[in-house]
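Input: a single structure, listed below in structure tokens.
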Amino acid sequence: MLRMMTLLVIVLSLAGGFAPANAAHAVKQAAAAQPHRVHMIVIDKMQYGPMPTGVRAGDIIEWTNHDILEHSATARDGSFDVDLKPGASMRLKATAGSVTFFCKFHPTMTATLVVAR
Ligand SMILES: [Cu+2]
């Protein structure tokens, strides 16, 4: 019985000793497990709509073309090139950094998306 109690005390003190580390680990895991958000960029009347804010790396960017003309979202740095037929939507995973993109078919259409780490 005494042996059993001693064992219990050891287990409890171990659990107590590791609690702060476990708590910190749990918080870190919760942050990592945060679901990635979907941000919309709507193309309408020959222009990209307002750029979403608060975009983080790993989030999804969804472009939707509301025009009756084909458009694209083509990164100047070559990191993506999305063709959008009229009415089409396309999704991409955001990577950290600031990227300027334009429409291959109407090069005056341009915008800059900022993605945090
Ligand atoms: Cu266009």
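Readers should treat all values here as calculations from the given coordinates under stated rules, not as data from a laboratory. Model, not experiment: these values are computed from the prediction. Neighbour counts are summed over all protein chains in view; Cβ atoms, including those assigned to glycine, are modelled from backbone coordinates with ideal geometry.
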note = Counted neighbours (other Cβ, 10 Å), sorted fewest up, put ASP59, ASP67 in the order ASP67, ASP59
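Once you list every other residue whose beta carbon is under 11 Å from the beta carbon of MET90, what net charge do they have if Lys and Arg are +1 and Asp and Glu are -1? Kindly include the intermediate steps, with their values, before the conclusion.
Working: positive: LYS85, ARG91; negative: GLU62, ASP81, ASP83.
Summing Lys and Arg as +1 and Asp and Glu as -1 gives -1.
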task = Return ASP83, ASP77 ranked ascending by Cβ neighbour count within 10 Å, so the fewest neighbours appear first.
result = ASP77, ASP83
query = Summing +1 for each Lys or Arg and -1 for each Asp or Glu, what net charge is found among the other residues whose Cβ lies under 11 Å from the Cβ of ASP59?
reply = +3
task = Mind grabbing the base-10 log of I(q)/I(0) for the stretch 38-115 at q = 0.13, 0.24 Å⁻¹? Debye formula, identical points on the C-alpha positions, no solvent, two decimal places.
result = -0.32, -1.16
